[in-house]
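Inspection log for the structure reproduced underneath, given as structure tokens.
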Amino acid sequence: MLLQEKQKAPGPISGTGIGLRSSHVGEILMKQPDIPWLELLADNHMAAGGLIPEQLAAVCEIYPVTFHSVGLSLGSIDPLDFKYLGKLKKLMRQHHVAWLSEHLCFTSVDGFHSHDLLPMPYSQESLQHMAQRITHVQDFLGERILVENVSNYMKFAESEMDEAEFITALAIQADCDLLIDVNNIYVNHLNLGIDPVRYIKQLPFERVREVHLAGYEQKDGFVLDAHNNPVSDPVWDLYGQLIQHLPNVPVLIEWDNDIPPLSRLMEEAHKADVIKQQYRQGISYAIS
Amino acid sequence: MPLADVEQTFMQCLIKPYHDVDMFMSKLVVAGSLSPEKQISIYRSNINGAHESVLVQIYPACKTILGEGYFNQLCLLYRIQFPSKHADLNKYGKHFPVFIKVFLEKHNELQVFSYLHDLALLEWYWHAIYYSSNDLPFDFSLLANVAKDQQQKLVFHLSNTVSLQSSCYPVLAIWDANRAELSSEKQKSEQSFEMPDEEICFCIFRDNYEMALKELSATQFEILQAINAGQTLGELSDRFGGDLQSALNYYIQQGWISGFSVDEMSNVR
Ligand SMILES: [Fe+2]
């Protein structure tokens, strides 16, 4: 079957979705389980041919889909990769992808690619630079993107503001939306000592369009945002804090390593919905 | 320190794992439980792990043969010599077969692994072709429209989803025995492979969505090589005579030939 542009409009992105990983694609296509939406790692779906583009088309026929990318290197001083961006735009149009999210970081510089989410100093220079790049990306795509806070294992002497101030100022200057990863905030709390509750209170809620939940791993002297565990209890508590302000914002479960059966991810998504519902009904959720 | 310097010195710390980090470290401060040294080591370790896992996924047989510890060391050396220059992580590892070849040439004690370059190349093709672009179906009607006086100038195009390889080692048997994790060291030590009498020839290709490999006769292989080198139909006929027609039919049927071109017209697939 050759790829053909769909005619139908995409469904809405609402409720709690799941980050689709290759080990679950077969089950998703065969059984079409009741999941409100899926987030796809765009970089894993950009193969020129073979099965992957066919799977992408098939998944997007069934589910509302968003793209999450790691290759835009929004903070980099290198020129923007318009070839990569062009491919993203083409796929987004072709498959009616609801939106694109990227990360508050750089991944490449001087033509070298780290394939990791590298932090930058939270300085005025970084802010101006990144806001300008996001503006160029949004102009090219013709729509807003979402920028996600990352797990950060580094602190620069030159930082002039904290991360919550930086990401808030960035959203306003670049006129972009935000994706708030609650696990990343908590990992940064454990590793860097940031105050997670204060962080959440500082956010510009009107710009938050998506929330991520994931699990971390205890390593030697730090915790790693490994996405290989269930969402931890303190992260559920923080999530409760956050969604009081965002009752209708879609939520996503990310699980990238030691991936369990799809049914386990659906349980995690259900828990996110239940907690959100409790808040909607005004049931208080203890913050530890 | 301007942002450019921060990013560049940070990246240098990462792509050169033995690089002096003093200059970059002076730009970091203790944060929570993490010292500046620990901050750098976390990123170095994350990046090493991510790159290594890509090579493990592409080169499972090489890893089984060399053992995890040795393979991991090679992964690190490879990353230092060939840092990733492409956003697409699937392209990382492309130079690993050449890297292995040069490494073996420099280390006499590794002569027992002299087949590793060929094995790595096979594993690379197996990986890369899975992601390569699709061909459109071969359009026979266009072939029928080629004027008689142009037919000898016709050049066939090998599909994007086919790679040709030959080896003087029993590389297919070695690959087959080592692709999956072996259950025990005993099983591994029991492996022995007979050297082939003559070079083995094969092609690696994508059959619909599945990867496949087919052994070829020496003539079949030479014809495909000649096609890949851009020889015209006239040149192929002169060289291979009666073997050519059936070979071409078979290649087209397999999807290994994706199109053709002549001076005035082309059907580039
Ligand atoms: Fe996330």
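Read-outs: derived from the displayed coordinates by stated rules, not from any lab. Everything numeric in this text was worked out from a predicted model, so none of it was measured. Here the Cβ positions follow ideal geometry from the backbone for every residue, glycine too, while neighbour counts run over all protein chains shown.
Output wanted: per-residue J couplings in Hz (rounded whole) for the range B:53-62, from phi through Karplus 6.51 cos²θ - 1.76 cosθ + 1.60, θ = phi - 60°, x for Gly and Pro.
Karplus-based 3J(HN,Hα) across the range B:53-62 equals 5, 5, 5, 4, 5, 7, 10, x, 5, 4 Hz.
Going 7 Å from the Cα of A:GLU267 toward and past its Cβ, which residues in the range A:224-244 have a backbone nitrogen under 13 Å from where you end up?
A:230-231
Let me have the relative contact order for the range B:1-131, percent, based on Cα pairs under 8 Å that are six or more residues apart.
Averaging sequence separation for qualifying contacts and normalising by length gives 22 percent for the range B:1-131.
Loop by DSSP (not H, G, I, E, B), at most 15 other beta-carbon atoms within 10 Å: where is the longest site-free stretch of chain B for chymotrypsin sites (Phe, Trp or Tyr not before Pro)?
In short, B:19-192.
Are there any GluC sites (Glu not before Pro) in the range A:29-129 that are in a DSSP loop and have at most 14 other Cβ atoms within 10 Å? List them by number.
none
Using the number of other C-beta atoms within 10 angstrom as an exposure proxy, rank B:ASP22, A:ASP225, A:ASP256 with the fewest first.
Ordered from fewest to most neighbouring Cβ atoms within 10 Å, B:ASP22, A:ASP225, A:ASP256 come out as B:ASP22, A:ASP256, A:ASP225.
Considering every Cα-Cα pair within the range B:1-149, what fraction, in whole percent, is farther apart than 23 Å?
Value for the range B:1-149: 52 percent of Cα pairs lie more than 23 Å apart.
Straight-line reach from A:LYS31: which aspartates and glutamates have a Cα under 15 Å away, not including same-chain ones fewer than 8 places off?
A:LYS31 reaches A:GLU61.
Give the long-range amide H neighbours of B:LEU154: residues separated by 5 or more places, or on another chain, with amide H under 5 Å away, using H modelled in the peptide plane at 1.01 Å from N.
Under 5 Å from the amide H of B:LEU154 lie the amide H atoms of B:LEU233, B:GLY234, each far enough along the sequence or on another chain.
What number results when the radius of gyration of the range A:192-258, computed over Cα atoms, is divided by 2.2 N^0.38 Å?
Compactness ratio reported: 1.19.
Distance cut-off 18 Å, Cα to Cα: go down the list B:LYS16/B:LYS91; A:LYS201/B:LYS27; A:LYS219/B:LYS38; A:LYS155/B:LYS38 and report the pairs above it.
B:LYS16/B:LYS91; A:LYS201/B:LYS27
Taking chain B as the reference, fit the longest principal axis to its C-alpha atoms, fit the long axis of helix B:68-81 to the helix C-alpha atoms, and give the angle between the two in degrees, 0 to 90, nearest 10.
So the inclination is approximately 90 degrees.
Is any residue of the range B:20-47 close enough, with backbone N under 19 Å, to a label point placed 7 angstrom from the Cα of A:ASP220 along the Cα-Cβ axis, and if so, which?
Only B:33-47 fall inside the zone, counting backbone N under 19 Å.
Show me, for the range B:212-219, the HN-Hα J-couplings you get by feeding each phi into the Karplus relation (A = 6.51, B = -1.76, C = 1.60, θ = phi - 60°), rounded to Hz, glycine and proline as x.
My calculation for the range B:212-219 gives 9, 9, 9, 6, 10, 6, 4, 5 Hz in order.
Taking amide H atoms as placed 1.01 Å from N in the peptide plane, list the residues 5 or more away in sequence, or in a different chain, whose amide H sits under 5 Å from that of A:SER232.
Close amide H contacts, sequence-distant or interchain: A:TYR216.
Output ³J(HN,Hα) for the range A:76-86: one whole-Hz value per residue in order, computed from phi by the Karplus curve 6.51 cos²θ - 1.76 cosθ + 1.60 with θ = phi - 60°, and x for Gly and Pro.
The phi angles translate into 5, 8, 5, x, 4, 8, 6, 5, 4, 5, x Hz.
What does the convex hull of the Cα atoms of chain B come to per residue, in Å³, rounded to a whole number?
That works out to 192 Å³ per residue.
Apply the Debye scattering formula to the protein assembly as shown, with a single equal point scatterer on each alpha-carbon and no solvent, then give log10 I(q)/I(0) at q = 0.08, 0.10 Å⁻¹.
For the protein assembly as shown at q = 0.08, 0.10 Å⁻¹, log10 I(q)/I(0) is -0.64, -0.95.
Among all the aspartates and glutamates, which ones have a C-alpha under 14 Å from A:LYS83's C-alpha, if same-chain residues fewer than 8 places away are not counted?
Straight-line reach from A:LYS83, under 14 Å: A:ASP43, B:ASP88.
Between B:ALA218 and B:GLN151, what FRET efficiency comes out of the Förster formula 1/(1 + (r/R0)^6) with R0 = 25 Å and r the beta carbon distance, rounded to 0.05?
Efficiency, rounded to the nearest 0.05: 0.40.
Counting only residues 5 or more places away or on other chains, whose amide H sits under 5 Å from the amide H of A:GLU39 once H atoms are built in the peptide plane?
A:ILE18, A:GLY19, A:LEU20, A:THR66
If you fit an axis through the alpha-carbon atoms of helix B:116-131 and take the longest principal axis of the Cα set of chain B, what angle between them do you get, 0 to 90°, nearest 10?
Helix B:116-131 sits roughly 80 degrees off the main axis of chain B.
Sum -39500 (n - 2.57) across every DSSP H segment of at least 4 residues in the protein assembly as shown, then divide by the residue count to get the 222 nm mean residue ellipticity, nearest 500.
-14000 deg cm²/dmol
Using a Debye calculation, one point per C-alpha and no hydration shell, please list log10 I(q)/I(0) for the range A:47-156 at q = 0.15, 0.21, 0.22 Å⁻¹ in order.
One equal scatterer on each Cα of the range A:47-156 leads to -0.69, -1.18, -1.26.
Please give the length that would be gained between A:LYS31 and A:SER14 if that part of the chain were fully extended, namely 0.36 nm times their separation in residues minus their C-alpha to C-alpha distance (nm, one decimal).
Length gained between A:LYS31 and A:SER14: 4.0 nm.
Suppose every K and R has +1 on its Cβ and every D and E has -1 on its Cβ; what is the size of the dipole of the protein assembly as shown about the Cα centre, in Debye to the nearest 20?
Charge dipole of the protein assembly as shown: 720 debye, to the nearest 20.
Based solely on C-alpha atoms, express the radius of gyration and the Dmax of the range B:135-269 in angstrom.
Cα radius of gyration and Dmax of the range B:135-269 are 18.5, 64 Å respectively.
May I ask for the angle, rounded to the nearest 10°, between helix B:96-106 and the longest principal axis of chain B, with both axes built from Cα atoms and the value confined to 0 to 90°?
70
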